[in-house]
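Where a number appears in this text, it was derived from the coordinates with a stated rule and is not lab data. Nothing here was measured: the structure is a model prediction, and the numbers come from that model. Cβ placement follows ideal geometry from the backbone for every residue including glycine, while neighbour counts extend to all protein chains displayed.
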Amino acid sequence: MINVGIIGAGRIGKVHGESIMRYVKNATVKAIADPFMSEETKQWANDLGINEIYTDYHKILEDDDIKAVLICSSTDTHSTISLEAIAAGKNVFCEKPIDHDVNKILEVKKALENSNVKYQVGFNRRFDHNFKGARAAVEAGKIGDLNILKICSRDPAAPPVSYIKVSGGIFLDMTIHDFDMVRFMSGAEVTEVFAYGAVLVDPAIGEAGDIDTAVISMKLSNGAIAVIDNCRRASYGYDQRVEAFGSLGQVAISNDTDSSAVISDKDGVHAEKPLLFFLERYMGAYVAEVTEFIDSIENDKPVSVDIECGLQPVLIGLAAKKSLETGCPVKVADIAAEYGI
Ligand SMILES: NC(=O)c1ccc[n+]([C@@H]2O[C@H](COP(=O)([O-])OP(=O)(O)OC[C@H]3O[C@@H](n4cnc5c(N)ncnc54)[C@H](O)[C@@H]3O)[C@@H](O)[C@H]2O)c1
């Protein structure tokens, strides 16, 4: 049994706490830490059987019985806590993004070179049953050579502007998952990015210096072309689809729904809306990613979503940001070169 500590008891910390305590047989959450531990969160932890509740995460790092930590705190704490956890010899699962600052990600990368702990990044969509199925088809050559990859990623509703202000911008907050999906689905690297963006959902998002709608085109290292469309509002729910088109055919996935029932009547043909948001759509993926993390520790296997998978989408996101600002295509290698990579 592997003892785990969770750092950060917000939305995603609770998701991982529940998935480990309910579904991961060979791990248990020994402790959880959050400086703003509410009575409600304490009750939630007690109900799950998590008995050690701290406001200071260092208590988790000091506990020799804890073999792994999940960093689920606010983004601006991830790289610092990662460095401390690696130094304490803990295996680390870090929520995305590792940091908005490439130099800080590189510090974590360097620390990992001198240690033998596992480090997995929380790109959960790779573990979604639909995306996995589409990737398996591409990998098996069922669509031939990949020509075009299309990713549609739209949230049901925009977050509060207070969130937007500290999010790092749409490309590093929201599209970052889609950049990871481009790498995962294609098995290739993004080499060049061109981004269009607009404020069409909420003017306050524009006033905060961000956009809420975007289309990003990318050239890939295998010669294929990819396109992502993003919007912070989709009136019908969380819209997460992908299509890979190749020389022999195409593979596509549709949204998950509560049921596949389709009602036909005099007004038309009616089906269920997509599941509401990420907690509904990706719960299975959250369980699967943590299960794999624990398995990699227990059986000393490499993690599939490693530090490089954490770094590349940030570089691509910065290229998209620069493209939006300049109106020109941007090479990811030029962004990397700014950081000596
Ligand atoms: N992979 C995904 O699908 C996914 C989904 C949601 C959020 N996230 C990521 O997870 C992180 C947290 O997001 P959230 O939605 O749960 O936010 P949240 O605001 O609900 O929770 C963050 C928690 O971290 C706590 N915290 C802040 N500083 C801390 C510290 N020093 N030590 C311990 N806890 C600290 C806060 O008090 C808060 O309770 C973000 O980086 C976000 O990008 C990933």
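Structure data summary
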quantity: J(HN,Hα) series, the range 181-197, from Karplus relation 6.51 cos²θ - 1.76 cosθ + 1.60, nearest Hz, glycine and proline x; calculated: 5, 4, 5, 5, 5, 8, x, 10, 9, 7, 9, 9, 10, 10, 10, 10, x
quantity: Length gained when the stretch I263-M283 is fully extended (0.36 nm per residue, less Cα-Cα span); calculated: 4.5 nm
quantity: The range 147-163 - phi-based ³J(HN,Hα) in whole Hz, Karplus 6.51/-1.76/1.60, Gly and Pro as x; calculated: 9, 9, 10, 10, 10, 10, 9, 10, 7, x, 7, 6, x, x, 5, 4, 6
quantity: Value at 222 nm in deg cm²/dmol, rounded to 500, when DSSP H runs of n ≥ 4 in the chain each add -39,500 (n - 2.57); calculated: -11500 deg cm²/dmol
quantity: Residue-span extension gain [A333 to Y163] - 0.36 nm each, minus C-alpha spacing; calculated: 58.2 nm
quantity: Residues A252 and T80, FRET efficiency given R0 of 30 Å [Cβ-Cβ distance, rounded to 0.05]; calculated: 0.15
quantity: Max mean-square fluctuation residue, GNM over the chain, Cα-Cα springs under 10 Å, options A158, A195, A226; calculated: A158
quantity: Cα-based Lys proximity count in the range 2-117, under 12 Å, for pairs eight or more positions apart or on separate chains; calculated: 4
quantity: Using alpha-carbon coordinates, inclination of helix 39-48 to the longest axis of the chain, degrees; calculated: 80
quantity: Sequence-distant residues sharing a close amide H with G122 (under 5 Å, placed H); calculated: C94, E95, K96
quantity: Estimated FRET transfer efficiency (K59, E18; beta-carbon r; R0 25 Å; 0.05); calculated: 0.70
quantity: The chain: angle of helix 283-298 to the longest principal axis, Cα-based, in degrees nearest 10; calculated: 50
